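Enquirer: Dumping the structure here so I can ask a few things about it.
The values are calculated or read from the model by the stated rules, or taken from the named source; none is laboratory data. As the structure is a prediction and not an experimental result, all values here were calculated from the model. Here the Cβ positions follow ideal geometry from the backbone for every residue, glycine too, while neighbour counts run over all protein chains shown.
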Amino acid sequence: MSRTWTDRELYEACGQNGSEQQRSAFDLLYQELYAISLFMWQTTLVSEPQALAQDCAQEALVKIWKHLATCEQPDTMRSWAKSIVRNQTLNEIARIKRKATDSLEKHSDKPLADERTAPVESFQAKEKYNAILDLLVAAPLSERSRYVILAKYLLQMTEEEISQALSQKEGSEVKPSHIQVTRAKNFKKIYSDSELYKKFRALREDDNV
């Protein structure tokens, strides 16, 4: 059985340079940060989101190690680490978007780039973006279910658009009706957990869905 770390234990272990405790702590943090970054990359519909998420999680770990002393509240180590990987991922998404835009400007006869490349831009409040990511980390959902929620609430895609994107992603036809069924199952799972429901209810009310 894997060990359960408190935030303060993670903080203290990360500061023990060269120790087995530090290696174990960084291994655990990597898995948690990779999951968050992967969710974010999946909203962009880029190819190889896993590799991009791995890079962002590793870069975040380097920053955590270098700036550990700036973590003012060791008892909230995970929240601090999450903010680092989110910013790292958002910066990389923005960089890729700029690169794509620069390329398109040189070839004006080509169709415009997908404006959904930077999902955070669809929100007025960054806090809502972070809240959805936290919810998805905790929710007992399948990969398709997470994708549907990300596309719906981060990219504001229609069910038709989501079905087309999933059909391409999975290599088989996914109809809009399938998306509706997936959403219904998602909400049933979320509502079965009182804590998850509390987190998600406000988001649904805000979007009137």
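Enquirer: Which members of region 37-57 meet the condition of being in contact with a helix residue (DSSP H, G or I) (Cβ under 7 Å, 6 or more places away or on another chain) and of a type in the set (S, T, N, Q)?
Expert: Of the residues in region 37-57, the ones in contact with a helix residue (DSSP H, G or I) (Cβ under 7 Å, 6 or more places away or on another chain) are 37-46, 49-50, 52-54, 56-57.
The answer is Ser37, Gln42, Thr43, Thr44, Gln50, Gln54.
Enquirer: Could you tell me whether any residue of region 15-33 is closer than 17 Å to Arg95 by Cα and either touching an Asp or Glu at 6+ places or on another chain (Cβ under 6 Å) or surrounded by 12 or more Cβ atoms within 10 Å (Cβ to Cβ) (or both)? Explain how you work it out, then say what you get.
Expert: Kept after step one, since they are closer than 17 Å to Arg95 by Cα, are these residues of region 15-33: none.
Looking through region 15-33, none of the residues is closer than 17 Å to Arg95 by Cα and either touching an Asp or Glu at 6+ places or on another chain (Cβ under 6 Å) or surrounded by 12 or more Cβ atoms within 10 Å (Cβ to Cβ) (or both).
Enquirer: Okay, moving on. Within region 151-186, track down each residue that is surrounded by fewer than 16 Cβ atoms within 10 Å (Cβ to Cβ) and modelled with pLDDT under 70.
Expert: Scanning region 151-186 gives a single hit, Gln156.
Enquirer: Something else now. So which residues in region 156-186 are hydroxyl-bearing (Ser, Thr, Tyr) and either in contact with an Asp or Glu (Cβ under 6 Å, 6 or more places away or on another chain) or part of a loop (DSSP other than H, G, I, E, B) (or both), if there are any at all? Quick ask: steps written out before the conclusion?
Expert: Filtering region 156-186 down to residues hydroxyl-bearing (Ser, Thr, Tyr) leaves 158, 163, 167, 172, 177, 182.
Correct list: Thr158, Ser167, Ser172.
For every residue, the table says whether it meets (1) in the same structural domain as Thr158 (by TED's automatic domain parsing); (2) closer than 28 Å to Ser145 by Cα; (3) in contact (Cβ under 8 Å) with a residue 24 or more places away in the chain.
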{"residue": "Glu12", "(1), (2), (3)": "no, no, yes"}
{"residue": "Ser19", "(1), (2), (3)": "no, no, no"}
{"residue": "Asp27", "(1), (2), (3)": "no, yes, no"}
{"residue": "Ala35", "(1), (2), (3)": "no, yes, yes"}
{"residue": "Phe39", "(1), (2), (3)": "no, yes, yes"}
{"residue": "Thr44", "(1), (2), (3)": "no, yes, yes"}
{"residue": "Ala51", "(1), (2), (3)": "no, yes, no"}
{"residue": "Ala60", "(1), (2), (3)": "no, yes, yes"}
{"residue": "Lys63", "(1), (2), (3)": "no, no, yes"}
